[in-house]
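The values are calculated or read from the model by the stated rules, or taken from the named source; none is laboratory data. Note that the structure is predicted; figures quoted are calculated from it, not measured. All Cβ positions, glycine included, derive from the backbone under ideal geometry; neighbour counts span all protein chains shown. Please note that ligands, DNA and RNA were not included when accessible areas were found on the heavy atoms of the full protein model with its side chains. Shrake-Rupley method; radii C 1.70, N 1.55, O 1.52, S 1.80 Å.
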Amino acid sequence: APNTLVVPVCALVPTPDGGHGMYVSLSSQLKRLCRPLDRVALKGSKEPMMLFSFEPRMDERKRYFDRFELGVEAYLNGEWEQARALLEGCVNSDPGDRPPAVLLEYMEERDFVAPPTWSGHRELTSK
C-alpha cells in the first residue's frame, strides 16, 4: 500500500511458533508518530535495517524531534561533527531521552569521526 511503512521488528528473534522476521505495517497516520533511531545490521544478517520508535507525543515536541531526526540523518551520512552538535542539543534539551545519548556514545568511541568504511549503518555484534 502506498501510505504504509513496513518496520522489521524482530528480524532474528524467534517467535513462539518458531518463525522469524515479524513485520508491522503502519498507516501514514501512525508513520508520522515514529522517529528513526538508527540503521543497523543485526548479528548474522547481511542487510541493514532502520530502527524506529513510536512516539505518541511527536506533535507536541515537533522541534525536538525535528532536531533529532536531522542529527540521525547527519550520523547516517557520516557527517558526525554535525550529528554531534544536533544530538548534543537534544541531550541538553531532554537529558532523559536515551536515543541521542546512544548515538553520541557510539560516535564518541570513534572520536566523532566516521570510519573510512562507513556505509550508513553499524553492526550489532550481540543480541
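Please count how many residues of segment 90-124 are open to solvent by 20 Å² or more (accessible area, probe 1.4 Å) and farther than 15 Å from Asp38 by Cα.
Counting residues in segment 90-124 that are open to solvent by 20 Å² or more (accessible area, probe 1.4 Å) and farther than 15 Å from Asp38 by Cα gives 15.
When you scan segment 23-103 for helices (runs of 4 or more DSSP H) that lie fully inside it, which ones turn up with 3 or more residues that are under 14 Å from His121 (Cα atoms) and modelled with pLDDT under 90? Break it down into steps so the answer makes sense when it comes.
On the way: elements: 28-31, 62-76, 80-93.
Here the list is empty.
Quick check on Arg57: is it out of contact with any Gly (no Cβ under 8 Å at 6 or more places or on another chain), open to solvent by less than 70 Å² (accessible area, probe 1.4 Å) and over 19 Å from Glu105 (Cβ atoms)?
Numbers: out of contact with any Gly (no Cβ under 8 Å at 6 or more places or on another chain): yes; open to solvent by less than 70 Å² (accessible area, probe 1.4 Å): no; over 19 Å from Glu105 (Cβ atoms): yes.
Taking the combined requirement at face value, the residue does not satisfy it.
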